[in-house]
Amino acid sequence: MLGSGDLLMAAEKPLLQSDENAPIPLARSIAGAPPQPVGSLDLSSAAPADGLTDLLALPRQRRLFALVRGYKPPMAWSAHLLLFPLKTTPLPLQPLIGWDLLGVGLPADNWEALALGPRLGDGRSTVVLVSDDNFNPLQSSWVVVLAPRRTSACPS
């Protein structure tokens, strides 16, 4: 689905003209050409206040990592990492597996960036997550490196 020089993009929330619980549309731009629709992500398992914050394509594994977070004042954060299949389909892509990042020990904060990290000595890939303090003294900026355990949804 993705080649060198391709760009995959998605909106944080459903489009204004869409139903509030509509899937998040995905678009692909090949070598600078105008974006073309290529499917959508189903985030219905997320809380209503949650939105897509970052999207990471893993073309060799044919997977997409989606960082989804939400905020409810005064300081109620949520953050999830969802793994989707990477394929073109008219049906919304359903998550293969997901992780509640706060439930695995990450601090409740403004998680908003996702990137591939260094490969570990045992061959596992890592994921780097970053939060932003928004210049707020009650928040912190964090950089964490996660090493997921292998599951059937995460082949080597």
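Could you check, for segment 93-101, whether at least one of its residues is under 18 Å from Pro23 (Cβ atoms) and buried (at least 18 other Cβ atoms within 10 Å of the Cβ)?
Yes: one or more hits.
Answer with yes or no whether Asp54 is more than 18 Å from Val145 (Cα to Cα), acidic (Asp, Glu), surrounded by 16 or more Cβ atoms within 10 Å (Cβ to Cβ) and modelled with pLDDT of 85 or more. Working first, answer last.
Working: more than 18 Å from Val145 (Cα to Cα): no; acidic (Asp, Glu): yes; surrounded by 16 or more Cβ atoms within 10 Å (Cβ to Cβ): yes; modelled with pLDDT of 85 or more: yes.
It is false that Asp54 is more than 18 Å from Val145 (Cα to Cα), acidic (Asp, Glu), surrounded by 16 or more Cβ atoms within 10 Å (Cβ to Cβ) and modelled with pLDDT of 85 or more.
Could you give me the residue pairs with C-beta distances under 7 Å whose first residue belongs to segment 72-95 and is among the hydroxyl-bearing types (Ser, Thr, Tyr), whose second residue is surrounded by fewer than 21 Cβ atoms within 10 Å (Cβ to Cβ) and modelled with pLDDT of 90 or more wherever it lies, and which are 6+ apart or on separate chains?
Ser78/Leu102
Scanning segment 24-44 for residues that are modelled with pLDDT of 85 or more and part of a loop (DSSP other than H, G, I, E, B), which turns out surrounded by the fewest Cβ atoms within 10 Å (Cβ to Cβ)?
Of everything passing the filter in segment 24-44, Pro34 is surrounded by the fewest Cβ atoms within 10 Å (Cβ to Cβ).
Any idea which of (1) touching a Leu at 6+ places or on another chain (Cβ under 9 Å); (2) modelled with pLDDT of 90 or more; (3) closer than 21 Å to Leu146 by Cβ is the one Leu102 doesn't satisfy?
Condition (1) is where Leu102 drops out.
Can you find a residue that is of a type outside the set (Phe, Trp, Tyr) and within 18 Å of Arg60 (Cα to Cα) anywhere in segment 128-146? Let's see the steps before the verdict.
Here is the first cut: in segment 128-146, the residues of a type outside the set (Phe, Trp, Tyr) are 128-134, 136-141, 143-146.
Applying the additional criterion that residues be within 18 Å of Arg60 (Cα to Cα) yields none.
Taking every residue of segment 128-146 in turn, none turns out to be of a type outside the set (Phe, Trp, Tyr) and within 18 Å of Arg60 (Cα to Cα).
With the requirement that a residue be within 16 Å of Ala76 (Cα to Cα) and among the small types (Gly, Ala, Ser), what does segment 101-125 give you?
Taking segment 101-125 first, the residues within 16 Å of Ala76 (Cα to Cα) are 101-103, 105-112.
Across segment 101-125, the qualifying residues are Gly103, Gly105, Ala108.
The values are calculated or read from the model by the stated rules, or taken from the named source; none is laboratory data. What you see is a predicted model, and the numbers here were worked out from it, not measured in a lab. Ideal geometry is used to build each Cβ from the backbone, glycine not excepted, and the neighbour counts take in all protein chains shown.
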